[in-house]
Structure formats: C-alpha cells, structure tokens
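Only one structure is covered here, and it is reproduced in the block below.
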Amino acid sequence: MSISEATMPAAAGFEVPRHVAIIMDGNGRWAAARGLPRGEGHRRGVEALRRTVRAAGELGVGILTIFSFSAENWSRPASEIKDLMGLLRRFIRNDLAELHRSGVCVRVIGERKGLDPDVLRLLEEAEQLTQANDRLTLVVAFNYGGRQEIARAARRAAAEVAAGRLKPEDIDEEKLATFLDAPDLPAPDLLIRTSGEQRLSNFLLWQVAYSELVFVPTFWPDFDRATLEEAIHQYCRRERRFGGLAANGAS
Ligand code: IPE
Ligand code: IPE
Ligand code: MG
C-alpha cells in the first residue's frame, strides 16, 4: 500500500491519515505539575478529548481510536478508578447527543465481561444510537488490552473449530484478524502517544504492526487541534514501506 492509499485528502490542505489512534497519557502529571489532584487532570483530559474529536472530524480523519482505560488500569487506587468510571458515565450522558448530531459513530473495543452493568448499558446505548453515522468513527478502547484482545480472538476461533465450522489449518493471519474486537476497521495509520512516554502499554498490539508512531511531550489535558496537526505533519514526512523498498527505488 502506498502513502496515498493509506491517507485521504483533507480539507486542511495536507494528507490526513484515515485512522488515527491515541494513547491519551499524562493526566496525572499534568495535575501534579499544578498541585492539583489527579482527578482534576482526568477531568481536563475529557475536555481535551472533546476538542480532539471535533478537530479529527474537521480535518477529515475517518477513524479515531482512543485508549480510555486499560485492562491494567484496574491496579490503580479504588478512588481513581471511581473517578475515571464517573467521568466515562458523565461523558456519555452529556456528550452522546452532540456526538450523534455531528455524525460520530461510537464503537467500543475491550473486554465487556465484568464491567458495571450501568457502564456497559451506557456503552451499548452509545453504539446503538450512533451506529448509522459515518462522518467519524470514534473507537473507545475501554477495559482494553492488546494481548487480551488477541487471546479473545484465539478463543473465538477455537470455539468455531470446536463447533466444526472452522478447520485449524484454515486459521491464518487474515482469518484470525476476523475474530478481533472490531474486525471491519482498518489498522491505524498513525499512533500518537502523549506525555513523552515511548511505549505501547499493551495498546492495539496486533493492529499497529505497520502504524507510524509519533510520541509527543504534551500532557493529554493540553492536547489540541494544533498538536494533532503537528503529529499528522510528522506522519506525512514518514515513508511507509511495509517491508518493501522505497517508492523512488533509492536504497
Ligand atoms: C492517562 O493519564 C489516563 C489513564 C491512563 C486512564 P494517567 O492517569 O496515566 O496520567 P499519568 O501518566 O500518571 O501522568
Ligand atoms: C496507558 O497509559 C493507558 C491509557 C492511556 C488508558 P498508562 O498510564 O496506564 O500506561 P503506563 O502504566 O505508563 O505504561
Ligand atoms: Mg499514564
């Protein structure tokens, strides 16, 4: 695949990646730097999310995947988990109508088993209400881990084998991918992580095999359209080769 196949022409005048994934990191450090409780960082993080969804839509990004709560985040103190769950509930309650009005289709990836029934209900309501929208797909990775997703895919494939509907020898890369949480979506072209950390923290391990990675020092609550555009500019300067040779044939 060439760069132009992976990107779409943008209203902004530069090529915009079709699928952008973001590890929204640094809320706690943003708050600590200001002598505020971590919860305040998370609250300001929700505002950054609103700005980013709007900017992504305006720039012509087709799919925005956000890491909102990892499978490993359960190891945080109960009070922080309560804050984060409360923010998710409030985000969906307050913002769902507006997301729907602006043509956003909400999808959720991650393990649903074991979630609070009311949180699960809200996530499902968001998916159902917005399923026909096609301006921007917002994929919310919630209770998500990449290894866990791959294990779920293997389990779903194994169940098909046990039911006699699938032969083990027919399970290849392409087939296994059909059992992932959102199998119809293309892999991210660009993965952004905020806060200066340079690791994946178990995000989209399968899907980012050939994504371009951009790490920005900005803490997530300060992220805005300009930061997003700068990350996209970095992406535009990269040459994606997918294991092949440079497009101009140079070594
Ligand atoms: C990201 O910010 C939000 C979640 C992981 C839920 P952090 O809470 O990880 O903030 P830092 O990394 O501790 O600064
Ligand atoms: C990744 O950030 C998870 C989310 C952004 C939701 P973490 O803050 O949990 O990652 P580590 O612990 O620094 O690797
Ligand atoms: Mg963090």
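Any read-out appearing in this document is the output of simple, stated calculations on the displayed coordinates, not a laboratory observation. Being a predicted model, the structure only gives us computed values, none of them experimental. Counting neighbours? That spans all protein chains shown, and the Cβs are built from the backbone with ideal geometry, glycine included.
Brief remarks follow.
- The chain: calculated mean residue ellipticity at 222 nm from DSSP helix runs of at least 4, using -39500 (n - 2.57): -13500 deg cm²/dmol
- Phi-derived couplings, Karplus 6.51 cos²θ - 1.76 cosθ + 1.60 at θ = phi - 60°, listed residue by residue for the range 43-48: 4, 5, x, 5, 5, 4 Hz, with x used for Gly and Pro.
- Longest segment of the chain lacking trypsin sites (Lys or Arg not before Pro) that sit in a DSSP loop with at most 16 other Cβ atoms within 10 Å: 35-111
- Averaging the sequence gap over all C-alpha pairs within less than 8 Å and six or more residues apart, then dividing by the number of residues, gives the chain a relative contact order of 27 percent.
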